[in-house]
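As structure tokens, the structure follows; a few thoughts come after it.
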Amino acid sequence: MLSKTIESALNTQIRIEAESSQAYLAMAVWAEVKGLEGIACFMYDQSDEEREHMLKLVKFVNERGGHAHISELNAPNVTFNSFKDMFKKLLAHEIFVSKSINELVHISLQEKDYATHNFLQWYVAEQIEEEATARTILDKVNMIGDDKGGLYLFDRDIQQLTVNSAAQGPNTGV
Ligand code: FEO
């Protein structure tokens with residue numbers, strides 16, 4: 001059974017994951033209307049992953065005798081100054097999510113809720129991966145700078161990244 005403190009903290013995380021999904025969906029749409037299919041495809045995938053993160057939390061809360069709260073969401077950013085700006089925001093957002101997961105882990109220990117602590121380890125590992133991916137992408141985007149040809153090739157490469165991760169099978173997370 002979840003304590004009220006843990007239930008409320010997990011419900012906050014459910015909202016954050018749902019907002020992440022919307023934020024990345026907005027990025028996908030922006031990239032798509034700019035004609036960069038590869039980046040759009042990658043961001044649609046990221047958006048789907050965030051929804052999976054949210055659902056995994058929803059199910060955990062309900063299974064442990066809590067009530068997952070599906071709330072209204074803050075509207076995401078829908079336009080960006082550049083792709084560099086967009087990917088900077090992606091990395092900043094993942095760092096924010098990591099902090100939030102760390103705080104949750106801290107609360108689970110304070111509450112001596114070891115089942116929740118154990119459950120959260122998947123998110124800790126996932127955040128390391130997601131931050132690393134966002135950093136790698138941002139490094140590449142920084143290298144490209146304002147070079148249109150570079151952006152064209154990058155768009156193709158990132159599409160390959162999406163195809164490869166899809167070929168490795170379904171999202172292992174859920
Ligand atoms: Fe679910 Fe990328 O944080």
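Where a number appears in this text, it was derived from the coordinates with a stated rule and is not lab data. Because the structure is predicted, anything quoted here is derived from the model rather than measured. Positions of Cβ are backbone-derived with ideal geometry, glycine not excepted, and every protein chain shown enters the neighbour counts.
Among residues other than residue 64 whose Cβ falls under 10 Å from its Cβ, what is the net charge (Lys/Arg +1, Asp/Glu -1)? Let's see the in-between values first.
Numbers: positive: 59; negative: 7, 63, 113.
Around residue 64, the surrounding residues sum to -2.
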**Reachable lysines, given that their alpha-carbon falls under 30 Å from the alpha-carbon of residue 112 and they are not under 8 places away in the same chain** = 4, 56, 59, 99
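Just to confirm a number: summing +1 for Lys and Arg and -1 for Asp and Glu over residues other than residue 13 whose beta-carbon lies under 12 angstrom from that of residue 13, what do you get?
Working: positive: 15, 56, 99; negative: 7, 17, 19, 50, 103.
In short, -2.
Which value in deg cm²/dmol, rounded to the nearest 500, describes the helix-derived mean residue ellipticity at 222 nm for the chain, given -39,500 (n - 2.57) per DSSP H run of n ≥ 4 and division by the residue count? Provide the component values of the computation, followed by the final result.
Working: 5 runs with 136 residues, N = 174.
Result for the chain: -28000 deg cm²/dmol, rounded to the nearest 500.
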**Asked** Full extension from residue 37 to residue 112: what is 0.36 nm times the residue separation minus their Cα-Cα distance, to one decimal in nm?
**Response** 22.3 nm
**Request:** Starting from the Cα of residue 156, step 7 Å along the direction of its Cβ; do the same at residue 3; then give the gap between the two resulting points in nm.
**Result:** 5.6
